[in-house]
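Take a look at the structure below.
The values are calculated or read from the model by the stated rules, or taken from the named source; none is laboratory data. As the structure is a prediction and not an experimental result, all values here were calculated from the model. We place every Cβ from the backbone using ideal geometry, glycine too, and count neighbours over all the protein chains shown.
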Amino acid sequence: MDSHYLTLTLYVFLIYWFIVSVLNRKGILQRYNVTAYGPILMIRTTRGQKLLEVLSQGARRKTFWRTYADIGTIMVFIAMTFMFVLVLLGAYATFMVHPEPTDLNAPRNWLLIPGLNEFIPLCAWIGFVVALVVHELSHAVLSTVEKIKVKSMGLLVALIPIGAFAEPDSEQLFGEKENGEGAVKDREPEQEKKKKVATARERTRILSAGVTSNFVVALIAFALFFSLLFAIQPVSDKALFVHDVVAGSTAEKAGLESGMFITWVDGSKVTNGSVEAMNKAIEERKGFNFGVLNKRGKETEVIVEGGYESEGVRVVKVMEGFPADNAGIEAGMSIIKMDDVNIRGYVDFQNFMNHTAPGQQVEVRTKEENFLVELGKSEDNDKGLLGVFLAQNNPLGMCVGEFPIKGYLEYLRGIPSSLTSLSKRGLLWLTMLPFLPFPAGFSSFNPLLSHLYEPAGAVSFLGTGVFFIADALFWTGWINFYVGLFNCLPAIPLDGGYVFREMLNPVLRIGIKNEKKKERIIKAITATIALFVASAIVFTLVGPYLL
């Protein structure tokens, strides 16, 4: 999101907020049962009561929903433990490792808002809306099953929908509090009979229902997505993928960027990409044309003019804190000699480094200046380490790799088999899939990957529409899965926080007989854990900037 787009969005939001403030002061919003909390609108409706009655009426349906929620309670407890440990490990790793800030730490990526979060495409709005609706509808259905009145349902809007809610009668759900403490007291016997108060088990069912439905929707959406992958086939086995481009290099000046696919070279289509063949062809000529596919899925032609330098090997990136960085070597420089050995390309560099040892001093000559470097130790072997990423024998100054089109599809198809054990590692992998660097992760087929694959078999009549369906299914599954996990955190006002509070009751009842004292201790414990969880999440996000 560039600064112009960000500024325009900010202006639109401020205008929206101004309009909301005016309508709220004039009482217009209240007429339509809308409440404003700053820029956030709570839009209530009593419609849908008949639907709730239809879904919850009958002994079989009530038995189904109660069993459904009981199973969900077990899932909530497992997910709660997983997420609490994950939050702890995230904060601990941030404190110990002091990682550099990445795109994940950018404020715009803190929220799962499609279009605002750069990792989440606009098609994910489908999954976002589905997640909100099924979550709150499930709370409402279980409330109706347990004879807890649902006063209203609705949406939370801040220019765009940011949430949904079901509003059960709080007195019935949690019980009336006297001075904020204790159980239902000082009420007339006749009044008590008129208004039911949910039992602990009923409350837990109602609170667990939303998360359970998110997990069920995620399972269905993922099952359909991975099934659809078997109706898609690659257009070729491999392609050439630009991993990085040296700043100031011939490649950058010509318009080549990281993240592009090279589809043809000098008029010849790339069907089974070969980096060596491309580099050899470039070295034989001083002028070249590339057909590239950029991140927006647009195919363009890039013309490389003659006169570029092919001597040495270009430094694409320098690892911070490693020998090259300490010596002053910078990205964009060309290494032409190491000690008395001429470096004509990546192979020469690799051969030289294979005969070095940690602690060895090496004179590195670049086109710009000379450096004396004391090599570090490689983690993979006992050779010396310089600490640079190089344009692998590419005279234009870019890192190009062979992208396995067919292998990547097989990798995606194999994900379900790796998750069958439901291990913590598998759940974490699935959660991080859209944020993993390409090609380890997956975000969507559109607009880039849809050019590398085509529909086959029964879905071929859908044409490119099959990729939109696949993207919608993936994000519906992923957002429901993530929303379910996040809501399981033991922090009020999340569902997991209330479920955790209900779980504390029978545990503390064993040693504490006084109800008021027990309630105070439960409040203190839940508030402390909620504050701790919130602090750990904030620290994980902002820690890289602070440390």
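Which of the residues spanning the range 324-358 are part of a helix (DSSP H, G or I) and among the aliphatic types (A, V, I, L, M)?
Residues satisfying the conditions are A324, A327, V347, M353.
Please verify whether the range 196-205 includes one or more residues that are at pLDDT below 80 and either surrounded by fewer than 21 Cβ atoms within 10 Å (Cβ to Cβ) or part of a loop (DSSP other than H, G, I, E, B) (or both).
yes
Take K513 and tell me if it is without any contact (Cβ under 8 Å) to a residue 60 or more places away in the chain, in the same structural domain as T102 (by TED's automatic domain parsing) and loosely packed, with under 15 Cβ neighbours inside 10 Å.
yes
Taking only pairs six or more apart or across chains, which ones have beta-carbon atoms under 9 Å, a first residue in the range 117-128 that is more than 10 Å from W478 (Cβ to Cβ), and a second residue that is crowded, with 18+ Cβ neighbours inside 10 Å and hydroxyl-bearing (S, T, Y)?
F119/S443; P121/S443; P121/S444; C123/S444; I126/T476; F128/T476
Looking at the range 535-544, can you tell me whether even one residue there is surrounded by fewer than 15 Cβ atoms within 10 Å (Cβ to Cβ), within 30 Å of the chain's Cα centre (by Cα) and in a helix (DSSP H, G or I)?
Yes, some residue in the range 535-544 is surrounded by fewer than 15 Cβ atoms within 10 Å (Cβ to Cβ), within 30 Å of the chain's Cα centre (by Cα) and in a helix (DSSP H, G or I).
Within the range 124-146, is there a residue that is in contact with a helix residue (DSSP H, G or I) (Cβ under 9 Å, 6 or more places away or on another chain), part of a loop (DSSP other than H, G, I, E, B) and either modelled with pLDDT of 85 or more or assigned by TED's automatic domain parsing to the domain that holds K516 (or both)?
Yes, some residue in the range 124-146 is in contact with a helix residue (DSSP H, G or I) (Cβ under 9 Å, 6 or more places away or on another chain), part of a loop (DSSP other than H, G, I, E, B) and either modelled with pLDDT of 85 or more or assigned by TED's automatic domain parsing to the domain that holds K516 (or both).
Which of the residues that make up the range 457-481 are at pLDDT below 90 and either in a helix (DSSP H, G or I) or on the phi < 0 side of the Ramachandran plot (or both)?
Result: G457, A458, V459, S460, F461, L462, T464.
Quick check on my filter: what residues within the range 147-161 are over 23 Å from Q49 (Cα atoms) and either β-branched (V, I, T) or in a strand (DSSP E or B) (or both)?
Correct list: A158, I160.
Exactly one of these conditions fails for G441: (1) farther than 28 Å from K298 by Cα; (2) not assigned by TED's automatic domain parsing to the domain that holds L142. Give me its number.
Only one criterion is unmet by G441, namely (1).
Return yes or no: is N24 of a type outside the set (K, R) and modelled with pLDDT of 85 or more?
The answer is yes for N24.
Pairs under 6 Å by beta carbon, first residue more than 21 Å from C399 (Cβ to Cβ) in the range 294-318, partner at pLDDT below 80 and of a type in the set (D, E, K, R), six or more apart or different chains?
G306/K286
Is it true that some residue in the range 483-504 is at positive phi and either touching a residue at least 40 places away in the same chain (Cβ under 8 Å) or not assigned by TED's automatic domain parsing to the domain that holds S258 (or both)?
Checking the range 483-504: not a single residue is at positive phi and either touching a residue at least 40 places away in the same chain (Cβ under 8 Å) or not assigned by TED's automatic domain parsing to the domain that holds S258 (or both).
Quickly run through the range 366-383 and pick out the residues that are more than 40 Å from the chain's Cα centre (by Cα) and part of a loop (DSSP other than H, G, I, E, B).
K367, E368, E369, listed by residue number.
Where the second residue is modelled with pLDDT under 55 and surrounded by fewer than 17 Cβ atoms within 10 Å (Cβ to Cβ) and the first is more than 18 Å from G497 (Cα to Cα) and lies in the range 168-179, which pairs have Cβ atoms under 7 Å and are six or more apart or on separate chains?
Partner pairs satisfying both residue conditions: E176/V184; E178/K185; E178/D186.
So L156 passes all but one of these: (1) buried (at least 18 other Cβ atoms within 10 Å of the Cβ); (2) within 23 Å of T35 (Cα to Cα). Which condition number does it fail?
The one condition L156 does not meet is (1).
State which residue pairs qualify: first residue in the same structural domain as K383 (by TED's automatic domain parsing) and in contact (Cβ under 8 Å) with a residue 12 or more places away in the chain and inside the range 338-358, second residue of a type outside the set (S, T, N, Q) and in a helix (DSSP H, G or I) in any location, beta carbons under 6 Å apart, and separation of 6 or more residues or different chains.
From residues that are in the same structural domain as K383 (by TED's automatic domain parsing) and in contact (Cβ under 8 Å) with a residue 12 or more places away in the chain, the pairs are M338/F352; I343/F349.
Confirm whether M260 is of a type in the set (A, V, I, L, M) and at pLDDT 85 or above.
So M260 passes the test.
Inspect the range 223-245 for any residue being of a type in the set (D, E, K, R), out of contact with any Leu (no Cβ under 8 Å at 6 or more places or on another chain), part of a helix (DSSP H, G or I) and crowded, with 18+ Cβ neighbours inside 10 Å and give the result as yes or no.
Within the range 223-245 (the criterion being of a type in the set (D, E, K, R), out of contact with any Leu (no Cβ under 8 Å at 6 or more places or on another chain), part of a helix (DSSP H, G or I) and crowded, with 18+ Cβ neighbours inside 10 Å), the answer is no, since none of the residues qualifies.
Does the range 426-474 hold any residues that are hydroxyl-bearing (S, T, Y) and surrounded by 15 or more Cβ atoms within 10 Å (Cβ to Cβ), and which are they?
Listed by number, the residues that qualify are T431, S443, S444, S450, Y453.
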